[in-house]
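Below is one structure, written out as structure tokens; comments come after it.
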Amino acid sequence: MACYNGQVDSATECLSEAWQNAGSSGEGGAVLNIGATRPSYTIANHHFDKMVYWAPFDEGITQLGNIVDRGKEHMINMEGHMGKPTLTCI
């Protein structure tokens, strides 16, 4: 997670789009990725990233949507308004 790595409304291709589109010539792109559409805050990102890792291993959450929701919930609980999600899933 990094600022603007999922800014799909930009005139240029963002990192998330480049990763997805890497397979357009046949070599294979990402199945999915998660990126920030706007500025994302480092500490809030760390909370999100940790829970995305912990959710399946420590909490037994296995569905991707629920893992992402758990990460956002943890980020907001830890950072309040600074943890306001700015995520996009492609």
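The values are calculated or read from the model by the stated rules, or taken from the named source; none is laboratory data. Just so you know, these numbers come straight off a predicted model, no measurement behind them. Quick reminder, even Gly has a Cβ in these numbers, built from the backbone with ideal geometry, and neighbours come from all protein chains shown.
Checking each residue in segment 1-18 for being within 13 Å of the chain's Cα centre (by Cα), crowded, with 16+ Cβ neighbours inside 10 Å and part of a loop (DSSP other than H, G, I, E, B) picks out 1, 3, 4, 5, 6, 7.
Residue 48 satisfies every condition listed in (1) within 17 Å of residue 4 (Cβ to Cβ); (2) at pLDDT below 85 except (2).
Only residues that are over 22 Å from residue 69 (Cα atoms), out of contact with any Gly (no Cβ under 9 Å at 6 or more places or on another chain) and in a helix (DSSP H, G or I): list them for segment 19-54, please. Across segment 19-54, the qualifying residues are 24, 25.
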